1. Given the options Ala92, Ala64, Ala73, name the one that is of a type in the set (Gly, Ala, Ser) and in contact (Cβ under 8 Å) with a residue 60 or more places away in the chain.
2. Considering only residues that are surrounded by fewer than 17 Cβ atoms within 10 Å (Cβ to Cβ) and either small (Gly, Ala, Ser) or part of a loop (DSSP other than H, G, I, E, B) (or both), look in segment 144-167 and name the one that is modelled with the lowest pLDDT.
3. Suppose we keep only residues that are of a type in the set (S, T, N, Q) and assigned to a strand (DSSP E or B) within segment 31-44. Which one would you say is most open to solvent (accessible area, probe 1.4 Å)?
Amino acid sequence: MLALFPCAGSDVGQEFKPPFGLAWQMRAIDLEVALVGANGQILTRTKHAREGETWFVEGLPQLALQRVKFHLAKDRLVAVELEYGKVDWTAANYDGFMRSVHQRLEEKHGAGTQIVRKQESGRGVMQTLLGYRWPVTGGSIELIYFAAQNPTNIFRTISLHYASEPPEVLSENAADSR
């Protein structure tokens, strides 16, 4: 059974672990058994070059958790991305959730570094992006807020990225899949 914590990780000085009580370098077959046991549904499995794969999973019970992406390299777990949001949340709900997660990460891992903060408009859509990174022994954690809106629609999401490899390595693997 998976342990469910929005900011599962480690206290300062302890081993950095992925969320849900999983383990880095966990074999794909063991990850699948754990996900199915927690009522997770693997919706898609996308293969990448360099022996990488991303699983899109829904159904894991956690407040406002929409889906989770599990990134594997050579059949082993290397990163987890949790995507949060609710259709009925207001901007204030997103702000409060972001603040809460940010505060918990700072309590566990110290001050994070702001990695992006921008707002731009194009083609009638206003986009906002805000992100922080916490380097931890053996990996990193990133907290990202994204919003896009036009006069009639709005999309918002908060994502929490746990990586056992430097973000550059994961970006290279994702680029291989394009």
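1. Values: Ala92 fails: in contact (Cβ under 8 Å) with a residue 60 or more places away in the chain; Ala64 fails: in contact (Cβ under 8 Å) with a residue 60 or more places away in the chain.
Unique residue meeting the criteria: Ala73.
2. Residue satisfying both the conditions and the ranking: Pro166.
3. Of the residues in segment 31-44, the ones of a type in the set (S, T, N, Q) are 39, 41, 44.
Those still in the list that are assigned to a strand (DSSP E or B) too: 41, 44.
Details: Gln41: 110, Thr44: 65 Å².
Per the criteria, the residue is Gln41.
The values are calculated or read from the model by the stated rules, or taken from the named source; none is laboratory data. Predicted model, so just to flag it, every value in this text is computed and none were measured. So basically every Cβ, Gly included, is an ideal-geometry build from the backbone, and we count neighbours across all protein chains shown. Note: accessible area is taken over every heavy atom of the protein model, side chains too, but ligands, DNA and RNA are not part of it. Shrake-Rupley method; radii C 1.70, N 1.55, O 1.52, S 1.80 Å.
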